[in-house]
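Peer 1: Below you'll find the structure I mean.
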Amino acid sequence: MTGQQDERIADPETSGSPAKDLANRLYIFSPNSAPAQRDPAMWFLLLFLVVLLLLYRWYIQSQILENLAGKYVFITGCDSGFGNVLAKQLDKRGMKVLASCLTDKGAENLKNEASSQLQTVILDVADGESVISAAKWVTNIVGDHGLWGLVNNAGFGFTFAPNAWQTRADFAKVLNINLVGLYDVTLNLLPLLIKARGRIVNVSSCGGRLPIVGGGYCPAKFGIEALSDSLRRELRDFGVKISIIEPGAFRTGMASKQPHLKNLQRLWLNLSPEMKACFGEQYYNQYVQGLTSLVCKTSTKLYHVTDCMEHALTAVHPWTRYSPGWDCKLYYLPVSYLPTVLSDYLLCLSSPRPEKAVM
């Protein structure tokens, strides 16, 4: 009797309707089932869930804080590029922008293009005394209000070259500006940020996920990612939120071709005869072509980046990471998640080959 029942259940065509219904439902998920036989209701349910998720994401993203006009934001690196655009963007929004520039000319040009409410200060993030002085200046201005936003944007990027060509000084220079300087500025302004339960926005790069060039640039950006993650966990109980901006290639001052090529030529000329023989003149020429192509294929739409910065400062629920730029979204980030053997293969496809290559 038991055997007959088991046999009937095992054969849905001859069993009762519950078993047949169960078999049909399981048949939907069979990889060999025909598309026409799959349950349309499952696809509608999946589509509904995707739409619901997108709507929820849009709703969360669209919630913006109120009463932002009186809040202070300090931005580094405002002579040009993202910092310059963001300073004017937030100034038009009515926020109290405190913009640091490396040069007097940069500060003067920015003040001429902004309202009288925007204030500037000269700051070299690689100089500890300059950082302390700027922090005191900010403290005197914001007073008991505290500092709502800190945007660590200042950076140096004319270091793109093979690691083997560079010196300790070359490597240390970019880390001192892009990572140590960022840390120094953040540390000096941290009490003001805690007082306001504010926001920190650190500018990293797609190179902070995928090392696309040699030198200290990518290691510094990787360091910014790690520092931001650890700070976010340490400061969450104080109400301070931290966001990371990971832009692709945009046409800022760092996209100027001549400084890159001048630095590359300097490194090549100073290379030892042994290392020159290993790489070869053809390698140098191909690297020049590749670097020229890299810095020229840049987007002029800087607002894609500054809009992300603004959202990180003004949204009720800022994102942890923003990745502006289609090159970042469609290439650099996906490749960074691939197995190492695949990402190495893709990145090496367009790399020049040394004269004494063994493979």
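Peer 1: Could you go through the stretch 178-189 and let me know if any residue there is open to solvent by 60 Å² or more (accessible area, probe 1.4 Å) and hydroxyl-bearing (Ser, Thr, Tyr).
Peer 2: Yes: the stretch 178-189 contains one or more residues that are open to solvent by 60 Å² or more (accessible area, probe 1.4 Å) and hydroxyl-bearing (Ser, Thr, Tyr).
Peer 1: Give the residue, chosen from Ala196, Ala220, Ala172, Ala154, that is more than 20 Å from Ser100 (Cβ to Cβ), out of contact with any strand residue (DSSP E or B) (no Cβ under 6 Å at 6 or more places or on another chain) and either touching a residue at least 40 places away in the same chain (Cβ under 8 Å) or surrounded by fewer than 21 Cβ atoms within 10 Å (Cβ to Cβ) (or both). Steps first, answer last, please.
Peer 2: Values: Ala196 fails: more than 20 Å from Ser100 (Cβ to Cβ); Ala220 fails: more than 20 Å from Ser100 (Cβ to Cβ); Ala154 fails: more than 20 Å from Ser100 (Cβ to Cβ).
Unique residue meeting the criteria: Ala172.
Peer 1: So which residues in the stretch 249-294 are among the β-branched types (Val, Ile, Thr) and either exposed (fewer than 13 other Cβ atoms within 10 Å of the Cβ) or without any contact (Cβ under 8 Å) to a residue 60 or more places away in the chain (or both), if there are any at all?
Peer 2: Taking the stretch 249-294 first, the residues among the β-branched types (Val, Ile, Thr) are 252, 288, 292.
Scanning the stretch 249-294 gives Val288, Thr292.
Peer 1: What number of residues in the stretch 306-359 are assigned to a helix (DSSP H, G or I) and touching a strand residue (DSSP E or B) at 6+ places or on another chain (Cβ under 7 Å)?
Peer 2: Residues meeting the conditions: 5.
Peer 1: Let me ask something else about it. So, of the residues in the stretch 116-144 that are farther than 21 Å from Phe82 by Cβ and in contact with a strand residue (DSSP E or B) (Cβ under 6 Å, 6 or more places away or on another chain), which turns out to be most open to solvent (accessible area, probe 1.4 Å)?
Peer 2: Filtering first and then ranking leaves Trp137.
Peer 1: Scanning for something hydroxyl-bearing (Ser, Thr, Tyr), open to solvent by 60 Å² or more (accessible area, probe 1.4 Å) and within 19 Å of Asp307 (Cβ to Cβ), does the stretch 89-108 turn up at least one residue?
Peer 2: There is no residue in the stretch 89-108 that is hydroxyl-bearing (Ser, Thr, Tyr), open to solvent by 60 Å² or more (accessible area, probe 1.4 Å) and within 19 Å of Asp307 (Cβ to Cβ).
Peer 1: Okay, next question. Considering only the stretch 303-316, I want to know if a residue exists there that is of a type outside the set (Phe, Trp, Tyr), surrounded by 11 or more Cβ atoms within 10 Å (Cβ to Cβ), in contact (Cβ under 8 Å) with a residue 60 or more places away in the chain and touching a Cys at 6+ places or on another chain (Cβ under 8 Å).
Peer 2: No, the stretch 303-316 contains no residue that is of a type outside the set (Phe, Trp, Tyr), surrounded by 11 or more Cβ atoms within 10 Å (Cβ to Cβ), in contact (Cβ under 8 Å) with a residue 60 or more places away in the chain and touching a Cys at 6+ places or on another chain (Cβ under 8 Å).
Peer 1: Output the residue which, of all residues in the stretch 236-247 that are out of contact with any Pro (no Cβ under 7 Å at 6 or more places or on another chain) and not in a strand (DSSP E or B), is surrounded by the fewest Cβ atoms within 10 Å (Cβ to Cβ).
Peer 2: Asp237
Every residue, every condition in (1) over 29 Å from Ile242 (Cα atoms); (2) at pLDDT below 95, yes or no:
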position	(1), (2)
Asp307	no, no
His311	no, no
Thr320	no, no
Tyr331	no, yes
Val335	no, no
Leu347	yes, yes
Pro352	yes, yes
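The values are calculated or read from the model by the stated rules, or taken from the named source; none is laboratory data. Model, not experiment: these values are computed from the prediction. Positions of Cβ are generated from backbone atoms using ideal geometry, with glycine treated the same way; all protein chains shown enter the neighbour counts. Heavy atoms of the whole protein, side chains included, go into the accessibility calculation; ligands, DNA and RNA do not. Shrake-Rupley method; radii C 1.70, N 1.55, O 1.52, S 1.80 Å.
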